[in-house]
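So the structure is just underneath, and the comments pick up after that.
The values are calculated or read from the model by the stated rules, or taken from the named source; none is laboratory data. The shown structure was predicted, so the numbers you read here are calculated from the model rather than taken from an experiment. FYI the Cβ positions are ideal-geometry reconstructions off the backbone, even for glycines, and counts take in every protein chain you see.
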Amino acid sequence: MEEAMVIRRDGTGKRFGVLAVLMAAVFLVFMGTHTVYGAGGLDLNTDYPGISVKPGDSLNIPVTLENYTGASLNADLEITAMPEGWEGYLQGGSYQVSRVHVKNGEEGAQVTLHVTVPKELTEGTYTVEVKASAGEGLTASLPVSFMVNEMNAGKGSFTSEYPQQEGTTGTSFSFSTTLINNGLKTQSYRVLPKKQKSKKDIHIKDKEKELEKPLGPNHI
């Protein structure tokens, strides 16, 4: 009778031993296919998250993705918000990128956000947003604000192909000029020939003629 009980106890012990080995094997397989990250998460940042811009500006904004999860990882990067008519992309090294490798710690990964502001836009604040994601619920977002107003839009400019020309009496000159409205509103410009004082008599043809032309914002 006692011998039978001993056999039963031995069998029960073997069954528990096999079960423990199986549980350990399942745990190791799970750990091998899933990286467990710490609670620090990702951080996406730039030194200048708010910028004043002018119509037609091309901007290069340094962006840093930092990783505080406790392990290196690959993260997807994308521009999730871009105002209508604006253009932009992310660059790492010499390449346009959509995914980066980020080491753990403050070193992070460096990318550049390239933004082209349209030549025509109204006064206001515009937002471009960059997002990073690495699965397992790890995400970070960075909104960058671009402020446009009449003060920083810039004044108009009037330039000549040849600012100065010389010649003998009777010489005819022809040249091209460019008039640009850098403001945010349509402006009317009056162009008049101006006679400069000189020791020589310079005749300006059609000097009484006036040119009045309305130009839209940032138009030539």
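Assorted remarks:
- Boolean, Glu150 is at pLDDT 75 or above, more than 21 Å from Asp47 (Cα to Cα) and either acidic (Asp, Glu) or in contact with a Lys or Arg (Cβ under 6 Å, 6 or more places away or on another chain) (or both): no
- Residues in the stretch 74-94 that are among the small types (Gly, Ala, Ser) and either surrounded by 14 or more Cβ atoms within 10 Å (Cβ to Cβ) or closer than 25 Å to Met147 by Cβ (or both): Ala75, Ala81, Gly85, Gly88, Gly92.
- Qualifying residue in the stretch 112-128 (condition: within 16 Å of Asn45 (Cα to Cα), free of Cβ contacts under 8 Å to residues at least 24 places away in the same chain and part of a strand (DSSP E or B)): no
- Candidate set: the stretch 95-111, residues that are polar (S, T, N, Q) and either over 17 Å from Ala140 (Cα atoms) or buried (at least 16 other Cβ atoms within 10 Å of the Cβ) (or both); chosen: the one modelled with the highest pLDDT: Gln96
- Figure legend. Inter-residue proximity from the stretch 132-151: first residues at positive phi, second residues surrounded by 13 or more Cβ atoms within 10 Å (Cβ to Cβ), beta-carbon distance below 7 Å, spacing 6+ or different chains. Indicated pairs: Glu136/Tyr37.
- Just one of the listed residues (Glu87, Glu106) is among the acidic types (Asp, Glu) and within 26 Å of Thr178 (Cβ to Cβ), namely Glu87.
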